[in-house]
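Below: one structure, written as structure tokens.
The values are calculated or read from the model by the stated rules, or taken from the named source; none is laboratory data. Model, not experiment: these values are computed from the prediction. Positions of Cβ are backbone-derived with ideal geometry, glycine not excepted, and every protein chain shown enters the neighbour counts.
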Amino acid sequence: MKRMAALVTTEGLHMQEQRARKVLQALVQGVDPVTGEELPTATVLQQADVLRALLAGVAALEQVAARAQRRAQLPHKVGRPWNADEESSLVAAFQSGEALVDVAERHQRTLRAIEARLERLGLLAPEQRVTSNSFTGSPGGSASYPRPP
């Protein structure tokens, strides 16, 4: 139920941001956002500083929307702490030779997170990782990992 409430709140916030962006864009274009009529030329909205501020507001809202869109595409557990059961499952999957791309999907984490955890556990050396400085691995995810002894 809490997740549903959060989703409704998030959707409501997204709608507010979209509406705010449309209002600011209309004002930048010299149009009344309610009526759609052209605004008088002598308004404060025609001043350069005011236009710059409106454009900065539009840009900020677009950045927030882009960040939210990127975040929505990430696995569910991104940034969450690991627990002992999850680590045990990861070690077992790695030792059995399961593809790390599949392990990442099952654990709802990025390939980079899986490799980082294996490295932290001493099961993967830094030079064996296929990810570095990014949140995705090789396109095919077909890197071969040595099996631990």
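Where the second residue is of a type in the set (Ser, Thr, Tyr) and the first is in the same structural domain as VAL58 (by TED's automatic domain parsing) and lies in segment 21-34, which pairs have Cβ atoms under 8 Å and are six or more apart or on separate chains?
Within 8 Å, the pairs are GLY30/THR41.
Select from segment 99-123 the residues that are among the charged types (D, E, K, R), under 17 Å from the mean Cα position of the chain (by Cα) and crowded, with 17+ Cβ neighbours inside 10 Å and list them in ascending order. Please lay out each step first, then the result.
At the first step, the residues of segment 99-123 found to be among the charged types (D, E, K, R) are 102, 105-106, 109, 112, 115, 117, 119-120.
Next, only the ones that are under 17 Å from the mean Cα position of the chain (by Cα) stay: 105, 109, 112.
Within segment 99-123, ARG109, ARG112 qualify.
Please find, among ALA26, ALA92, the residue that is out of contact with any helix residue (DSSP H, G or I) (no Cβ under 8 Å at 6 or more places or on another chain) and over 26 Å from SER132 (Cα atoms). I'd like the intermediate steps shown before the answer.
Details: ALA92 fails: over 26 Å from SER132 (Cα atoms).
Step by step, each of ALA26, ALA92 is checked, and only ALA26 is out of contact with any helix residue (DSSP H, G or I) (no Cβ under 8 Å at 6 or more places or on another chain) and over 26 Å from SER132 (Cα atoms).
Checking the structure you have, find out if any residue of segment 29-37 is surrounded by 14 or more Cβ atoms within 10 Å (Cβ to Cβ), assigned to a helix (DSSP H, G or I) and modelled with pLDDT under 95.
Checked against the condition, which is being surrounded by 14 or more Cβ atoms within 10 Å (Cβ to Cβ), assigned to a helix (DSSP H, G or I) and modelled with pLDDT under 95, segment 29-37 yields no hits at all.
Out of all the residues in segment 103-127, which are in contact with a helix residue (DSSP H, G or I) (Cβ under 8 Å, 6 or more places away or on another chain), not basic (Lys, Arg) and not in a loop (DSSP other than H, G, I, E, B)?
Within segment 103-127, VAL103, ALA104, HIS107, LEU111, ALA113, ILE114, GLU115, LEU118, GLU119, PRO126 qualify.
Please specify each residue of segment 78-89 satisfying the condition of being under 29 Å from ALA68 (Cβ atoms) and in a helix (DSSP H, G or I).
Result: GLU86, single match.
Need the failing condition index for ALA72 against (1) among the small types (Gly, Ala, Ser); (2) surrounded by 14 or more Cβ atoms within 10 Å (Cβ to Cβ); (3) under 24 Å from GLY12 (Cα atoms), just the number.
Checking ALA72 against (1) among the small types (Gly, Ala, Ser); (2) surrounded by 14 or more Cβ atoms within 10 Å (Cβ to Cβ); (3) under 24 Å from GLY12 (Cα atoms), the one that fails is (2).
When you look at SER96, is it hydroxyl-bearing (Ser, Thr, Tyr), at pLDDT 95 or above and loosely packed, with under 14 Cβ neighbours inside 10 Å, yes or no? Walk me through how you get there before you give the answer.
Working: hydroxyl-bearing (Ser, Thr, Tyr): yes; at pLDDT 95 or above: yes; loosely packed, with under 14 Cβ neighbours inside 10 Å: yes.
Criteria met by SER96.
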